[in-house]
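Structure, as structure tokens:
The values are calculated or read from the model by the stated rules, or taken from the named source; none is laboratory data. The structure displayed is predicted, hence computed values, not measured ones. Positions of Cβ are backbone-derived with ideal geometry, glycine not excepted, and every protein chain shown enters the neighbour counts.
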Amino acid sequence: MTDMTNAAAPAAAPKSSLLQQDARTRRRNAAETRFKAYGIAAIAVGLVMLAILLVTIVGRGTGAFTQTFITLEVALPADTLDKKGNRDPEEMKKVSTFGYKPLLAQAFEAKIAATGGLDSDLDPKKMAGILSDSAPAQLRDFVLADPSVLDRTVAFEFLASSRVDGYMKGRVSRDSIAQDKNISVEQLDFVDKLIAEGSLEKRFNLDFITGSDASDARPEAAGMGVSMVGSFFMMLVVLTLALPIGVAASIYLEEFAPKNWITDVIEVNISNLAAVPSIVFGILGLAVFINYMHLPNSAPLVGGLVLTLMTLPTIIISTRASLKSVPPSIRDAALGVGASKMQSVFHHVLPLAAPGILTGTIIGLAQALGETAPLLLIGMVGFIASNPPDSIASGLLDPNSAMPAQIYEWAKRADPAFYERAWGGIIILLVFLVTMNTIAVLLRRRFERRW
Amino acid sequence: MNAAQSSGVFGLGPTGLVVLAVIVLAAAGFVLARARAMASAGGDARRLHSLPNYYGYNAAMMIAVPALGVLVIWLLAQPALVQNAVLDLIPQRAIAEGSSINLVMSDVRRLAEGLDVAVAAGALSADEAADIVATGTDIRAVLGNVGVALGSDVDPEILAAAQEYRSLSRLWSWVMVAVVLSLALAGMAIALRSARAGFRARNAVERGVLWLLILAASLAILTTVGIVLSMLFETVNFFSLHPWQDFFLGTTWAPNFRGNSELSILPLLWGTLYIAFIALVVAVPIGLFAAIYLSEYAGPRLRSVAKPLLEILAGIPTIVYGLFALLTVGPALVTLFGRGEEGLLGLTWMTGATSVLTAGLVMGIMLIPFVSSLSDDIINAVPQSLRDGSFGLGATHSETIRQVVLPAALPGIVGAVLLAASRAIGETMIVVLGAGAIAKISANPLEAMTTITTRIVSQLTGDTDFASPETLVAFALGLTLFVLTLGLNVLALYIVRTYREQYE
């Protein structure tokens, strides 16, 4: 090529050269680079958003797993707690938590008297104010469980109030509490002294994972445990209903259905149902299961039924895909040795498609586990389920919450202490989702066959 | 369903017990029929028409399927039947001013359940509960003792209705048990009689299984019908209480639970579409460029890392995005556009964390993987020969993409965008937490606005009265939402389908 150019036009300088880009080529190449950069930028934006999201969740949520505890020795005088003196728990129940409240102030007084360097001119009642509102109830439960502890001094570990906990976690500072009636600067000074003295510390809080939700005033006592049980029962319902029904529907559509308009209607229907907004399923659940059938409000059974209807299309679509991937030769071979059509499907095709079906089911369950909107409509928010259910029937029928609904509930309460718990709840929820999806991926890797 | 709540063996009501009984009968039928068939063949399985187990399966199916089918239908129908019977007992005057049949019925049900609880707790004997007269015993105090709080003193008519409700519920429950069990036994008798060597058990079982499969497949249709009917009835109710002109053409959304509400969908529709529009403005360019880069430029290594990472965004529950909008993106936007001197730009355009922009941005992030993975598939489906032809004519890679690949993939991409739009319109948690609650038509994206889904949630949570237009409007909103998303989905599927046919 170069030889030819040299030979043809030795004298005149070439108007254009392959070695030198003209303006047009430069423009085209620049456009190429720009276009590529847009692509990289788009991916980068997506990944940065993911990173911000995850960092926010972890950064804001880990605090919920630790809690501030105060160790305190409380004297339990028999003459106020058991006036009749017969140690009968039924009689002692008449002393309400208000009766136990003064004991906490007295305990602080006693502590100051006993410990040097802990003097404070704070009113003992104010000192007791740094404890959680649940502290008197904790005392009362302890005494009622074993009346023989009366007239003794017992060391307790109390939850600190959410403001003190926020102070320990850096959420609350002396400046930020200027308008706050629940805590004062003097109380924070006292907290500092208790830290120095060693009876106030922040450590891991198992109750957040296993406990139940608490009322608006006690964010420090709220936990995810009971709503986790609620979610578990819902998933149980979804699994026992959606898996068999979904697999049966897919087998019919994939293996037996004749090609006619009814089959077409069913197929279009299923793909549309997969895209119906989840809140519409909530309306369906409210109208059919609660208003018409009078199933109990807020029951995991109802939540499970609604989520079943919502998950079915997902399971059907993935099951059909894995049935389709089993090659026809397997069916032909089964038919060839004398199996009926039904036998070839149930004995040969279905077992080969099972890993794919299982993967799809787990992904469908994970979707259902994180779904919130339909649960709002069937009443799974707005109340506090304080006890875990004691039997399967009560687990299905008694009012309960679910993990995402619990998170929403906390997010609505507009208190930074509850926000922290909402983020913490998200961490727990995501741990479940990541586990389920990992199992699905592993199953697919381990058992997927390429034909 | 009250029967299911009252305690019985293992905490099961008659319903649970009858299910258990049918299962036991079916298991017994399996064993007996199999044995009978084997005996009729003289113990030689080769002389049977089908494998021995098929005789067992046949019996189990004959016992369980009709019985359980009738049970389900019965449970669906019983509440309506009992309610209709009880309604005749309630005189017009017991339905107080401002109340409705539904409210009175729920009182009746609560009272009936309370009596059941009292009997279960031993506060009343079964006979006492059946004969109790409002004038004699203080029913409210009795029920209060067992933890059932009644709102007001009990009207004798209501109490009579509750008694009737209890006795009818119980009666129908026992009739149901009898019918279901006799069906199961009849099925067992027929199956056992036919369990002989010549009986074509496999054919019978396979026919039965096929019908079960068809039933499962038609559940999808049933769900759709359920969705449409449940919303249609209440919507018709709503339009009988509230003029449709105001709903579709009015411009104010001001629900007022004392009546005289202005319930118009337009401000909500505006908020919904505005937020969806912002979400698409964020998601479509990012998602599309990501898909183009991943399918056209990226090597297998980048692709195998970036694609699953992006798809994580799609797997995160929407409640997480909602919280992210409310607590992270919203306050960040306020720091940018609000707070005056304290803010970053010194502006005072934004007052609260909830706004159209907050919800739209976060929803856009959520939709990125949705757009990118759908477009990725579509771009990959464009035949390589088209690209090769373009390269052969001297086009650069980006020119090929812009002038050949994208036009070829356009119908599919439009379909993907429509699907994403339908997602954005139906999304609930992000807007509930991030968009605010003020219904207005405004062009300022920094203002809080509200959407259809948000209003559905707020009208249907808490204490609801299904006779007031303020509650029923939620069903009209839901139906509108359903029609809107259905239209978008059908359109998208249609476009995608037509496109796919071009290259196959």
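Assorted remarks:
- Whenever a residue of segment B:286-300 is at the interface with chain A (Cβ under 8 Å from one of its Cβ atoms), it has no partner that is small (Gly, Ala, Ser) and not in a helix (DSSP H, G or I) lying with C-beta atoms less than 9 angstrom away and at least six residues away or across chains.
- The residue that is surrounded by the fewest Cβ atoms within 10 Å (Cβ to Cβ), among those in segment A:397-417 that are away from chain B (no Cβ under 11 Å) and touching a helix residue (DSSP H, G or I) at 6+ places or on another chain (Cβ under 7 Å), is A:Asp415.
- Set side by side, the residues A:Thr240, A:Thr263 differ, and just one is part of a helix (DSSP H, G or I), surrounded by fewer than 19 Cβ atoms within 10 Å (Cβ to Cβ), β-branched (Val, Ile, Thr) and within 12 Å of another protein chain (Cβ to nearest Cβ), which is A:Thr263.
- Residue match in segment B:233-242 (condition: crowded, with 21+ Cβ neighbours inside 10 Å, facing chain A (nearest Cβ under 10 Å) and over 30 Å from B:Leu361 (Cα atoms)): yes
- Close Cβ contacts (under 7 Å, 6 or more residues apart or on different chains) running from residues in segment B:47-58 that are of a type outside the set (A, V, I, L, M, F, W, C) to residues that are surrounded by fewer than 21 Cβ atoms within 10 Å (Cβ to Cβ) and part of a helix (DSSP H, G or I) comprise B:Ser50/B:Arg202; B:Pro52/B:Met38; B:Pro52/B:Ala45; B:Tyr54/B:Arg202; B:Gly56/B:Val31; B:Asn58/B:Ala204.
- Residues of segment A:130-173 satisfying the condition of being in contact with a Pro (Cβ under 6 Å, 6 or more places away or on another chain) and closer than 28 Å to A:Glu420 by Cβ: A:Ser162, A:Arg171
- Residues (buried (at least 19 other Cβ atoms within 10 Å of the Cβ) and within 30 Å of A:Arg413 (Cα to Cα)) located in segment B:294-324: B:Leu313, B:Ile316, B:Pro317, B:Thr318, B:Ile319, B:Val320, B:Tyr321, B:Gly322, B:Leu323, B:Phe324
- Which numbered condition A:Asn387 misses (of (1) within 17 Å of B:Thr428 (Cβ to Cβ); (2) more than 12 Å from chain B (Cβ to nearest Cβ)): (1)
- Cβ pairs under 9 Å, 6+ apart, first in segment A:142-153 and polar (S, T, N, Q), second in a helix (DSSP H, G or I): A:Thr153/A:Ala107; A:Thr153/A:Ala110
- Qualifying residue in segment B:366-383 (condition: under 29 Å from B:Thr400 (Cβ atoms), among the β-branched types (Val, Ile, Thr), within 11 Å of chain A (Cβ to nearest Cβ) and touching a Leu at 6+ places or on another chain (Cβ under 7 Å)): yes
- Which listed residue, of B:Leu327, B:Leu280, is buried (at least 17 other Cβ atoms within 10 Å of the Cβ) and away from chain A (no Cβ under 14 Å): B:Leu280
- Residues in segment A:280-338 that are of a type in the set (D, E, K, R) and away from chain B (no Cβ under 14 Å) were compared, and the one that is surrounded by the fewest Cβ atoms within 10 Å (Cβ to Cβ) is A:Asp332.
- Restricting the search to helices (runs of 4 or more DSSP H) fully inside segment A:353-451 and requiring at least 3 residues that are of a type in the set (Phe, Trp, Tyr), over 21 Å from A:Pro244 (Cα atoms) and at pLDDT 90 or above gives A:416-447.
- Residues that are farther than 14 Å from B:Leu493 by Cβ and of a type in the set (A, V, I, L, M, F, W, C) were ranked within segment B:414-433; the one that is surrounded by the fewest Cβ atoms within 10 Å (Cβ to Cβ) is B:Ile425.
- Residue in segment B:69-90 that is touching a helix residue (DSSP H, G or I) at 6+ places or on another chain (Cβ under 7 Å), closer than 26 Å to A:Leu397 by Cα, polar (S, T, N, Q) and in a helix (DSSP H, G or I) present: yes
- Members of segment A:106-161 that are part of a helix (DSSP H, G or I), of a type in the set (Val, Ile, Thr) and within 13 Å of A:Ala75 (Cβ to Cβ): A:Val143, A:Val149
- In segment A:243-260, the residue that is farthest from the other protein chains (Cβ to nearest Cβ) out of those that are of a type in the set (A, V, I, L, M) and in a helix (DSSP H, G or I) is A:Leu243.
- Pairs with Cβ under 9 Å, 6+ apart, first in segment A:84-113 and in contact (Cβ under 8 Å) with a residue 12 or more places away in the chain and surrounded by 15 or more Cβ atoms within 10 Å (Cβ to Cβ), second in a helix (DSSP H, G or I) and of a type in the set (Phe, Trp, Tyr): A:Phe108/A:Phe190
- Residues satisfying the stated conditions in segment B:439-459, i.e. away from chain A (no Cβ under 11 Å) and buried (at least 23 other Cβ atoms within 10 Å of the Cβ): B:Ala439, B:Ala448, B:Met449, B:Thr450
- Residue among B:Gly436, B:Gly394 that alone is within 25 Å of the chain's Cα centre (by Cα), within 14 Å of another protein chain (Cβ to nearest Cβ) and not hydroxyl-bearing (Ser, Thr, Tyr): B:Gly436
- Within segment A:197-213, restricting attention to residues that are at pLDDT 80 or above and out of contact with any Ser or Thr (no Cβ under 8 Å at 6 or more places or on another chain), the residue that is farthest from A:Met380 (Cα to Cα) is A:Leu206.
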